[in-house]
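The values are calculated or read from the model by the stated rules, or taken from the named source; none is laboratory data. If you're wondering where the values come from, they're calculated on a predicted model, not measured in any experiment. All Cβ positions, even for glycine, are placed from backbone atoms using ideal geometry, and neighbour counts span all protein chains on display. Just so you know, the surface numbers come from the protein's heavy atoms only, side chains and all, with ligands and any DNA or RNA stripped out. Shrake-Rupley method; radii C 1.70, N 1.55, O 1.52, S 1.80 Å.
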Amino acid sequence: MSTVPGKEQRKKRINQLKRAFAYNLFYRQGVTTRTATLNDYYLAISYTLRDRMQHLFVNSVETLLEKDPKIVCYLSAEFLTGPHLHNNLVNLGLYDDFAQAASESGLDLKTIINHEEEPGLGNGGLGRLAACYLDSLSSLEIPAIGYGIRYEYGMFDQEIVNGWQKELSDHWLHPGNPWEIKKPVMACEVGFGGHSEVYHTEKGIRRIRWRPARVITGVPYDVPVPGYKVNTVNYLRLWSAQSHSSFDFADFNTGDYYGAVEDKIKAETITKVLYPNNEQFQGKKLRLEQQFFLVSCSLQDMIRLHLFRHDNLFNFHEYFQAQLNDTHPAVAVPELMRLLVDVHLYDWDVSWEITKKTLSYTNHTLLPEAMEKWSMELFGSLLPRHLEIILELNCHFLDEVRMRYPDDDTRLRRMSVIDETEPRSVHMVNLACMGAKTINGVAAMHTDLLRSHTLADWNDMYPGKIRNVTNGVTPRRWMAVSNPRLTRLITEAIGEKWITDLDELRKLEKLTDDVPFLDAWREVKEENKQDFSALIKCCDNIHVDYRAMFDVQVKRIHEYKRQHLNILHIITLYARIKADPNLEITPRLFVFGGKAAPSYFMAKRIIKLITSVARVVNKDPAVRDQLKVFFIPNYNVKIGHIVYPMANLSEQISQAGMEASGTGNMKFSMNGALTIGTLDGANVEIRKEVGEENFFLFGLTVEEVMELRRAGYTPLDYYHHNESLRAVIDLIGSGIFTSGDRELFKPIIDSLLHEDPYMLFADYQEYIDCQDRVSRLYADKHRWTRMSILNTARMGKFSSDRSVKDYCRKVWDVQPCPVKLKWNELPDDGVLFHPRKTEEE
Ligand code: F58
């Protein structure tokens with residue numbers, strides 16, 4: 001961004017902004033200050049900013065056309081971007097100007113920023129990761145397009161009623177979305193159902209084509225993604241389903257008005273709502289429709305863009321790299337084949353080579369219940385031609401496996417794309433592995449487990465194909481935007497380079513003995529905590545002393561993440577206080593946040609358990625305010641902005657081998673929280689980076705978990721042999737948290753006592769001992785602060801800039817392509833507009 005220095009120029013800029021606010025309020029919103037609502041102001045300011053992004057966007061497109069670089073396409077069913085206004089202001093370096101212009105217009109920018117509701121187009125980590133990667137791709141000036149779905153209803157809003165989760169629909173588009181630009185001319189058509197047929201070309205060549213039973217239109221909406229203080233503005237292209245207009249007309253002509261409208265509604269259902277399941281495959285037809293819709297629109301769009309610059313598709317993979325974010329877009333394998341073979345008439349083998357060189361696959365989970373397997377019947381009825389292609393590919397592939405490993409039928413069965421156990425199904429992990437040039441895990445440990453267990457056959461047959469790219473998060477949103485106090489302190493100490501080169505934070509290490517700096521560091525945390533205390537005072541009337549330790553676990557609610565282990569600790573402390581009324585403990589505020597999948601019975605009960613314990617503990621005078629428990633309703637990106645900066649302790653306590661990576665763990669550490677955690681996912685690497693003395697480790701290792709499972713795990717033994725654990729479980733069973741109801745938490749207790757699939761009981765005692773160490777250390781303010789600084793200082797590795805650079809090197813083989821500014825603004829002489837030639841000319 002070119003900013004002209006000098007007071008006068010700034011004044012001029014501010015005046016232009018004020019005028020633009022007024023213009024947008026008047027002309028776009030059609031209101032005056034007498035009638036404008038906060039939403040009108042938000043929209044007027046956002047449009048003003050979007051307009052200022054536009055010239056960078058235009059220049060980015062010009063550069064693509066001129067330099068013809070390779071483009072990264074990130075295909076993901078989810079992009080959890082979070083609110084845009086604040087982030088875009090920071091990335092474009094316009095925050096101060098806008099704040100000034102707003103204030104001179106009688107507006108408070110913070111209030112306006114706070115008004116923005118976020119697009120909840122994702123479930124959790126996977127969707128948020130996609131958004132972090134888009135930020136880094138733009139900031140690193142790498143040409144990229146994010147392809148996703150414009151769900152009309154995003155992730156449900158969570159309310160807590162009587163301690164239970166209640167789901168409310170999230171109509172996020174209702175207030176108006178100033179960030180998207182509809183591009184109807186780029187619409188694509190997507191077929192479903194029908195059959196495939198053989199035909200012969202004029203030259204007598206036998207070919208196959210798909211005759212779908214219905215066709216739906218995908219209309220793209222582009223959301224600009226500005227990089228941090230660079231000229232690159234990439235975009236996120238979200239597809240929205242519309243009915244195919246010619247079908248409507250057919251119905252109208254026969255007078256079937258209602259039929260036409262019904263078709264329209266049916267078509268639009270495809271992008272109506274995001275599936276809110278976490279790590280649980282459900283096999284719903286509509287979900288497969290969504291996946292294919294996303295994939296087909298995106299691949300058609302990429303091919304169109306390629307043919308705009310080239311006259312054939314032989315070198316498609318040299319210009320486009322498509323990353324499959326989990327198996328959700330894995331139907332890209334047969335769809336790219338279909339587009340190449342059936343539509344663009346390329347030879348099968350050539351097409352297969354292009355496909356395999358274009359697609360790459362990221363795996364995000366090891367949980368068997370999350371693996372996508374579509375029943376063949378459903379798959380074939382929706383995508384008959386694709387099933388044929390898959391069967392043919394699989395046939396060739398199994399021949400190769402047979403050649404390499406003769407007489408190894410079990411291996412063949414494991415690697416086949418078709419799972420032959422009745423009812424037969426299409427195994428999407430195997431499809432993705434077969435069609436991708438690389439497969440990657442998202443943390444070192446996760447990748448090791450893929451290589452040694454889940455995808456061991458693939459690793460055997462294609463050594464080197466499985467790579468590791470450890471996840472990362474963007475320091476722009478997760479520090480610069482959400483923690484301005486810390487950002488100011490760090491920047492004053494070491495300059496601002498760390499925002500784009502997070503390894504620079506290492507320079508903070510030399511300040512760990514600088515007492516004024518330590519004090520300032522602690523003050524930042526305390527101020528962030530005071531803000532949070534004010535918030536919970538205001539919404540729940542809970543009083544919290546900001547000097548208490550803020551102990552936080554925010555993430556989706558899932559048994560493997562073990563929020564209930566955290567609760568067992570809280571009850572342990574509660575029981576200790578009740579047993580000894582004079583006991584002094586390190587005061588703590590326990591904060592939880594996260595949504596449960598609406599159909600996940602146990603997860604919903606865990607929420608109820610947390611809120612029930614909170615209700616009792618918070619008002620028990622015996623506790624003397626030493627323990628407080630708070631469940632933040634509706635945890636989302638926006639709440640994340642408040643939570644990460646205020647945490648002292650980050651709970652990363654999943655059972656070893658269950659969490660592929662985790663990314664919240666990184667956000668906490670960057671903001672100076674210490675972690676209590678197991679050796680799971682990226683915790684392993686975080687601990688290595690920050691130093692084992694600055695990380696609270698507990699729990700079984702993955703090898704120990706496997707061994708214990710092999711040997712036969714009996715949770716009841718732990719219950720019988722551990723007095724403290726028994727007391728805690730009995731307390732839950734006694735009904736003291738449920739006004740005497742002993743049934744409510746029976747399912748949780750029974751599951752723990754008799755199965756305990758995530759081995760809470762095996763880890764309980766070590767967890768409690770470790771928490772006791774945490775408490776003792778927190779009392780030593782100086783040491784705690786030093787450790788906090790070291791956590792932040794050593795988080796360089798976990799910037800998504802590093803992850804994206806790894807992908808560039810290990811997977812995509814792409815380079816940055818800086819954007820030259822050709823159009824600085826709309827020229828006064830209007831040379832942008834060339835009069836169109838008429839047909840006759
Ligand atoms: C998460 N997966 C992993 N899935 O659980 C987490 O360890 C990892 O850090 C993160 O991906 C990023 O790699 C995840 O969030 C989903 O949300 C899916 C959404 C669609 C249905 C199945 C789960």
If you check every pair at least six apart or on different chains, which have Cβ atoms under 8 Å apart with a residue in the stretch 162-173 that is in the same structural domain as VAL616 (by TED's automatic domain parsing) first and a residue that is open to solvent by 60 Å² or more (accessible area, probe 1.4 Å) and assigned to a strand (DSSP E or B) second? none
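Could you list, in sequence order, the residues of the stretch 165-190 that are touching a Lys or Arg at 6+ places or on another chain (Cβ under 7 Å), in a strand (DSSP E or B) and farther than 20 Å from ASN123 by Cβ? Can you show your working first?
Initial filter on the stretch 165-190 (touching a Lys or Arg at 6+ places or on another chain (Cβ under 7 Å)): 165, 178-179.
Still in the running and in a strand (DSSP E or B): 165.
Answer for the stretch 165-190, where residues must be touching a Lys or Arg at 6+ places or on another chain (Cβ under 7 Å), in a strand (DSSP E or B) and farther than 20 Å from ASN123 by Cβ: there is none.
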Given PHE308, PHE320, PHE316, which one is open to solvent by 10 Å² or more (accessible area, probe 1.4 Å) and over 24 Å from PHE192 (Cβ atoms)? PHE308
For the stretch 33-52, what are the residues that are of a type outside the set (D, E, K, R) and at pLDDT below 95? THR33
Has the stretch 286-295 got at least one residue that is surrounded by 13 or more Cβ atoms within 10 Å (Cβ to Cβ), over 22 Å from PHE379 (Cβ atoms), in the same structural domain as TYR74 (by TED's automatic domain parsing) and polar (S, T, N, Q)? no
Criterion (touching a residue at least 24 places away in the same chain (Cβ under 8 Å), surrounded by 22 or more Cβ atoms within 10 Å (Cβ to Cβ), at negative phi and in the same structural domain as TRP784 (by TED's automatic domain parsing)) met by exactly one of ALA596, ALA622, ALA575: ALA596
What number of residues in the stretch 59-74 are within 16 Å of the ligand (Cβ to nearest atom) and farther than 16 Å from PRO224 by Cα? 0
Would the stretch 331-350 turn up any residue that is of a type outside the set (A, V, I, L, M, F, W, C), open to solvent by less than 30 Å² (accessible area, probe 1.4 Å) and either within 16 Å of the ligand (Cβ to nearest atom) or closer than 23 Å to ARG128 by Cα (or both)? no
If THR512 meets every condition in (1) farther than 30 Å from ARG605 by Cα; (2) open to solvent by 10 Å² or more (accessible area, probe 1.4 Å); (3) hydroxyl-bearing (Ser, Thr, Tyr) apart from one, which number is that one? (2)
Hey, any hits in the stretch 418-431 for a residue that's in the same structural domain as CYS132 (by TED's automatic domain parsing) and under 22 Å from the mean Cα position of the chain (by Cα)? yes
Looking across the stretch 443-458 at residues that are surrounded by 18 or more Cβ atoms within 10 Å (Cβ to Cβ) and polar (S, T, N, Q), the single one that is farthest from VAL811 (Cα to Cα) is THR454
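Would you confirm whether or not the stretch 302-319 contains a residue that is acidic (Asp, Glu) and on the phi > 0 side of the Ramachandran plot?
Keep residues of the stretch 302-319 that are acidic (Asp, Glu), which gives 311, 318.
The next check asks that each one be on the phi > 0 side of the Ramachandran plot; those that pass are none.
Looking for residues that are acidic (Asp, Glu) and on the phi > 0 side of the Ramachandran plot, one finds none in the stretch 302-319, hence no.
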Can you find a residue that is within 23 Å of the chain's Cα centre (by Cα), within 16 Å of the ligand (Cβ to nearest atom) and open to solvent by 60 Å² or more (accessible area, probe 1.4 Å) anywhere in the stretch 153-176? yes
Could you tell me which residue of the stretch 269-304 is farthest from the chain's Cα centre (by Cα), considering only residues that are away from the ligand (no atom under 16 Å from the Cβ) and assigned to a loop (DSSP other than H, G, I, E, B)? ILE270
Among the candidates ASP460, ASP540, ASP503, residue that is touching a Gly at 6+ places or on another chain (Cβ under 8 Å) and acidic (Asp, Glu): ASP503
The stretch 111-130 - residue that is within 16 Å of the ligand (Cβ to nearest atom) and free of Cβ contacts under 8 Å to residues at least 60 places away in the same chain and, of those, surrounded by the fewest Cβ atoms within 10 Å (Cβ to Cβ): GLY127
Using the structure shown, decide if LYS638 is more than 19 Å from the chain's Cα centre (by Cα) and of a type in the set (D, E, K, R). no
Report whether or not TYR151 is in contact with a strand residue (DSSP E or B) (Cβ under 8 Å, 6 or more places away or on another chain), in the same structural domain as GLU118 (by TED's automatic domain parsing), touching a residue at least 40 places away in the same chain (Cβ under 8 Å) and assigned to a strand (DSSP E or B). no
Does the stretch 472-482 contain at least one residue that is open to solvent by less than 10 Å² (accessible area, probe 1.4 Å), modelled with pLDDT of 95 or more, closer than 30 Å to ILE113 by Cα and in a loop (DSSP other than H, G, I, E, B)? yes
I'm told GLY735 meets every condition in (1) in the same structural domain as GLN655 (by TED's automatic domain parsing); (2) out of contact with any strand residue (DSSP E or B) (no Cβ under 9 Å at 6 or more places or on another chain) except one. Can you identify the failing condition by its number? (1)
Could you go through the stretch 535-553 and let me know if any residue there is at pLDDT 95 or above, over 30 Å from ASN618 (Cβ atoms), more than 16 Å from the ligand (Cβ to nearest atom) and over 29 Å from the mean Cα position of the chain (by Cα). no
